[in-house]
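I have placed the structure first, in the form of structure tokens, so that the comments after it can refer back to it.
A short reminder: the numbers here are calculations on the coordinates, not readings from a lab. Quick caveat: nothing in here was measured; it's all calculated off a predicted structure. Here the Cβ is made from the backbone with ideal geometry for all residues, glycine too, and neighbour counts use every protein chain on show.
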């Protein structure tokens, strides 16, 4: 079956699927690279920036929950939180439900100053994405947001599937 991709001659469905796959992979690669460069510019590593983003999205969590959501070991999360706390970006406080546990949250003023969406590091991408998305009419923006919501669900599901079926990582030497 032939389809028009809007950018050239008609292509068959397999070729369009390969094209769509490549475009999506290029988008994901650009996002990962942007995250790495942004982390470097902030004096952080990419995992630290990723954890800060998660904390910004989900709010205060226990160290165990942060480990589960990042895929890191609890020991690695302890080191990550140590780094972020030393930088003044997160705080620890006892969990009121279980004082043996610790809750981790962003220190808003410091994190906003260094990393906030209106901050220097994210301003270029935020303004570009605002311009890009606002150029689409409302019905198309709704479709885009629905795509990103569904793509996030599918990526999360695929990640959980890999986690549940994969072997433990090999020891590093």
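Spin-label model, residue 166/residue 21: points 7 Å from Cα along the beta carbon direction are separated by 2.0 nm. The label-point distance for residue 120 and residue 58, in a model that sets each label 7 Å from Cα toward Cβ, rounds to 3.1 nm. Projected label points at residue 146 and residue 82, each 7 Å from Cα along the beta carbon direction, are separated by 4.9 nanometres. Between residue 29 and residue 127, the FRET efficiency from the beta-carbon distance, with R0 = 25 Å, is close to 0.70.
Within segment 27-67, the ratio Rg/Rh, alpha carbon atoms throughout and Rh by Kirkwood, equals 1.04.
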